[in-house]
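For reference, the structure discussed in these notes is given below.
None of the figures in this text is laboratory data; all of them are computed from the coordinates on show. What you are looking at is a predicted structure, and each value in this text was computed from that prediction instead of being measured. Using ideal geometry, Cβ is built from the backbone for each residue, glycine included, and neighbour counts are taken over all protein chains shown.
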Amino acid sequence: MIEERYDVAVVGAGPAGSSAAKAAARKGASVLLLEKDRDVGYPVRCGEGVRRKELEEHVAVDPKWIAASVTKFSLTGPKGKEITLDLGPKWEYLILHRRLFDYDLARFAAEAGATVRTSAYVDNVLKDNGVVTGVTYEYRGERRAVRASAVIGADGVESRVGRWAGIETAVEPRLMGCCAQVTAANVDVDPTVAAFYHGKDFAPLGYLWVFPKGERIANVGVGVSGTKDATRSAREWLDLFLRERFPDASILTEVAGGCPSANGLERYSVPGLMLVGDAGRHVNPLTGAGIPSGMTGGAIAGEIAAAMARKSTPDLALDFDARYRRKIGWRHDGYEKVRDKFYSASEERLEELFDLFLEVPPEKRTLRRVVQHALAKHPKWWKLVFKIFFN
Ligand SMILES: Cc1cc2nc3c(=O)[nH]c(=O)nc-3n(C[C@H](O)[C@H](O)[C@H](O)COP(=O)(O)OP(=O)(O)OC[C@H]3O[C@@H](n4cnc5c(N)ncnc54)[C@H](O)[C@@H]3O)c2cc1C
């Protein structure tokens, strides 16, 4: 067994892990970022959509990452009613080339001083007296152990780092979105419009999305709840939609995966270790989006990890939970309430909501205005929804 020593060991080079590694390295820590796949950023299991404003909180956006800049959302309701909303500059939505994006995030971590290793498969954590003190991994046919003052688990939705460290990471099946997505060429899409479809004819207890990636190419995906009484699988819902809407589509890539829409865990940390990104279920529980919250959690954990190394205090990891909740968790609590209300509503109630949206004249239909209009009729929700979406 080859033994190594770093201040910080990060498991997984997705957006959360690379952000954590960069933040820790920038604070002067020696960092080892371990990724099991041969290639950072591949395979891509993502719709690749992100609000520009949220991305810019972390990095300067490189134009080469952008496959499409979306300025409108089109929403289709349960009975096929459709509404198109202008997003305005504050809500510009980008469809990324995640392969390039993830790659660059790992490169930024390396430029900040982190050592990045791919084909490095982490298979356990090391513990001393209940404190996590490192990880073991397989690299180029060799067994290795890295001792670290802080370990950050950023190993995605199938995370095992948390379980090894004794953190309960299981998610109720109903809250685990089952997703299927294709990147389809030869599809008739407007490259400035992202389309969402709701209701039991498209994606029961979930939604279907069409995210343009340029002219005549799009990510078309569906996420449905993992409840036992699901009538069709996510893939079947997707195939049905593709047959009806895009009969000439050619499929370039296909992915399947889980989205933990569970609003976090009871705890994200134990002495010596923090969980970030999908590993910590840091996903927007309404939409399933996890890129921005993963990067935010990663950056917080990276800073704490550097301080753990400086002060030799493994218990500092426990600060992560409160800091994450203050920054993002409270907002996800709100999204969770909106989600539960939305998915427990009957199709008739959703239709009523669409009808309220449609009362706003077409030339005035911005996301903000239709939500304001609908909330004027349901003032109880005003404070919460406004705070979440428009602050
Ligand atoms: C179909 C689908 C569509 C989605 N669409 C969107 C979207 O449009 N917008 C959005 O914001 N989010 C979306 N998401 C969610 C988003 O993809 C995730 O939230 C995001 O990738 C989480 O980043 P992460 O860094 O936590 O994990 P990941 O990106 O999953 O990275 C984890 C990394 O850890 C590595 N790893 C795992 N185990 C080990 C190990 N034992 N040793 C070493 N390395 C390991 C993996 O190989 C991987 O590279 C979607 C998810 C799915 C499934």
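What is the packing order of peptides 57-63, 71-77, 154-160, taking the mean over residues of other C-beta atoms within 10 Å and listing the highest first?
Values: 57-63: 12.0, 71-77: 18.7, 154-160: 21.9.
For the peptides 57-63, 71-77, 154-160, the packing ranking is 154-160, 71-77, 57-63.
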Enter the angle in degrees (range 0 to 90, nearest 10) between the Cα long axis of helix 330-344 and the first principal axis of the Cα atoms of the chain, meaning the one along which they spread out most.
-> 40
For the chain, averaging the sequence separation of alpha carbon pairs under 8 Å that lie six or more residues apart and dividing by its residue count, the contact order in percent is 21
Bin width 10 Å, alpha-carbon pairs only: give the P(r) of segment 233-317 as whole percents, running from 0 to the bin holding the largest distance.
-> 16, 31, 24, 15, 9, 4, 0
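With a ≥ b ≥ c taken as the square roots of the eigenvalues of the C-alpha gyration tensor of segment 146-234, please select rounded if a/c is under 1.5 and otherwise prolate if a/b is larger than b/c or oblate if it is not?
On the way: a/c = 3.79, a/b = 1.62, b/c = 2.33.
Taking the square roots of the gyration eigenvalues as a ≥ b ≥ c, segment 146-234 is oblate.
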Computed over the chain: longest principal axis from alpha-carbon atoms vs helix 98-111 long axis, angle to nearest 10 degrees, is 30
For 120-126, 346-352, ranked highest to lowest by mean beta-carbon neighbours within 10 Å, the order is 120-126, 346-352
Principal-axis tilt of helix 291-311 within the chain, Cα atoms, nearest 10 degrees | 20
According to a simple spin-label model (label point 7 Å from Cα along Cα-to-Cβ), what is the distance in nm between Arg38 and Asp333?
-> 4.7
Enumerate the calculated ³J(HN,Hα) couplings along segment 280-287 in order (Karplus 6.51 cos²θ - 1.76 cosθ + 1.60, θ = phi - 60°), each rounded to whole Hz, writing x wherever the residue is Gly or Pro.
-> x, 6, 8, 10, 4, x, 7, 10
What is the magnitude of the charge dipole of segment 183-244 about its Cα centre, with +1 placed on the Cβ of each Lys and Arg, -1 on the Cβ of each Asp and Glu, and no other charges, expressed in debye to the nearest 20?
-> 200
Restricting the count to DSSP beta bridges whose residues both fall in segment 4-138, what percent are antiparallel, rounded to a multiple of 5?
-> 75
Is segment 318-373 best put as rounded, prolate or oblate by its Cα gyration tensor, with a ≥ b ≥ c the root eigenvalues, rounded for a/c under 1.5, and otherwise prolate when a/b is larger than b/c, oblate when not?
-> oblate
For the chain, alpha-carbon Rg and Dmax in angstrom = 21.3, 69
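Before rounding to the nearest 500, sum -39500 (n - 2.57) across all DSSP H runs of length at least 4 in the chain and divide by the residue total; then give [θ] at 222 nm in deg cm²/dmol.
On the way: 11 runs with 122 residues, N = 391.
Calculated mean residue ellipticity at 222 nm is -9500 deg cm²/dmol.
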How do the peptides 3-16, 196-209, 271-284 rank, highest first, by the average count of neighbouring beta carbon atoms within 10 Å per residue?
-> 271-284, 3-16, 196-209
